[in-house]
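**Q** Provided herewith is a single structure, encoded as structure tokens, for subsequent inquiry.
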Amino acid sequence: MSCPDLALDICLTLAVSSDLHVRVPVRFSYVCADPYAVQISFNITADRKVHWTFARELLAQGMKAAVGLGDIRIAPIESLLDQRFSIELEPPDGFARLEGPVAPIKAWIAKTHEVVPAGSEAGLVDIDRFLEEILTS
């Protein structure tokens, strides 16, 4: 089965503080080698890039309702003008809140479901190779 990796490059708003918001380029990635997950990456400074990996289903659900506990929370934002969402990332050494429009994220998630439908992810996971990797490291 051929499975292309998918990326979405989008500008989101990084809430640096309650009164400082900065537009940042963010890349959403879906790699078929890890079919249950999505990755996001963005620069917080010129020389410091942030990478997060979390469940594709968490991102999909977060476009409709608040989801997540602990390190990552995703939720729609009430707005009169348009549909927006937030992703809150809370590593041990900081906090980041990204905000942006729902429509491009929903469209991108739909593309990931076209290449790997929900429920079919296990067919792309090589359990034997995964076990070998974790048992030999």
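The values are calculated or read from the model by the stated rules, or taken from the named source; none is laboratory data. Treat the numbers as computed from the prediction; the structure is a model and nothing was measured. As a convention, Cβ positions derive from the backbone with ideal geometry for all residues, glycine included, and neighbour counts pool all protein chains shown. Heavy atoms of the whole protein, side chains included, go into the accessibility calculation; ligands, DNA and RNA do not. Shrake-Rupley method; radii C 1.70, N 1.55, O 1.52, S 1.80 Å.
**Q** So for segment 104-117 (the condition being small (Gly, Ala, Ser) and either surrounded by 15 or more Cβ atoms within 10 Å (Cβ to Cβ) or more than 20 Å from Leu8 (Cβ to Cβ) (or both)), does at least one residue qualify?
**A** No; the residues of segment 104-117 include none that is small (Gly, Ala, Ser) and either surrounded by 15 or more Cβ atoms within 10 Å (Cβ to Cβ) or more than 20 Å from Leu8 (Cβ to Cβ) (or both).
**Q** Hey, does segment 91-103 have a residue that's open to solvent by less than 70 Å² (accessible area, probe 1.4 Å) and touching a Gly at 6+ places or on another chain (Cβ under 9 Å)?
**A** Scanning segment 91-103 turns up no residue that is open to solvent by less than 70 Å² (accessible area, probe 1.4 Å) and touching a Gly at 6+ places or on another chain (Cβ under 9 Å).
**Q** While we're looking at this one, here's another question. Anything in segment 22-60 that is within 20 Å of Thr112 (Cα to Cα), open to solvent by 80 Å² or more (accessible area, probe 1.4 Å) and free of Cβ contacts under 8 Å to residues at least 24 places away in the same chain? List them, or say none.
**A** Arg27, His51, Thr53
**Q** Please find, among Pro4, Pro76, the residue that is at negative phi, in contact (Cβ under 8 Å) with a residue 24 or more places away in the chain, surrounded by 14 or more Cβ atoms within 10 Å (Cβ to Cβ) and not hydroxyl-bearing (Ser, Thr, Tyr).
**A** From the options Pro4, Pro76, the qualifying one is Pro76.
**Q** Does Ile109 satisfy the criteria of being more than 19 Å from Val24 (Cα to Cα) and in contact (Cβ under 8 Å) with a residue 24 or more places away in the chain?
**A** In short, yes.
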